[in-house]
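Visitor: Could you have a look at this structure, given as structure tokens, before my questions?
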């Protein structure tokens, strides 16, 4: 009974991490590629000014920079793969 409950929890978490991975991949890689194709502009070279005169140099750089979510994509994809492997092993051991 307890193992069945654990399997359900792992299955739900695997689906959630899989969805987060797919959504993150879409926003980080596919959307910029689509926009650069559609708008005929290079999205990676685009820049903007966060606050004009509202902050000193390092703070303005920190505000205007974009965080990298590549590490989060890697972590969520590894969690998804680990969940799939666990579910596969549990399903095989029940047979």
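Yes/no matrix, rows are residues, columns are (1) within 9 Å of the chain's Cα centre (by Cα); (2) surrounded by 13 or more Cβ atoms within 10 Å (Cβ to Cβ); (3) closer than 18 Å to residue 85 by Cα:
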site	(1), (2), (3)
3	no, no, yes
14	no, yes, yes
21	yes, yes, yes
28	yes, yes, no
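Visitor: Could you please tell me which pairs satisfy a Cβ distance under 6 Å, a separation of 6+ or placement on different chains, a first residue in the stretch 28-43 that is over 20 Å from residue 68 (Cβ atoms), and a second residue that is at pLDDT below 75?
Guide: Correct list of pairs: empty, since none qualify.
The values are calculated or read from the model by the stated rules, or taken from the named source; none is laboratory data. Every value quoted in this text rests on a predicted model; they were computed, and no experiment measured them. All Cβ positions, glycine included, derive from the backbone under ideal geometry; neighbour counts span all protein chains shown.
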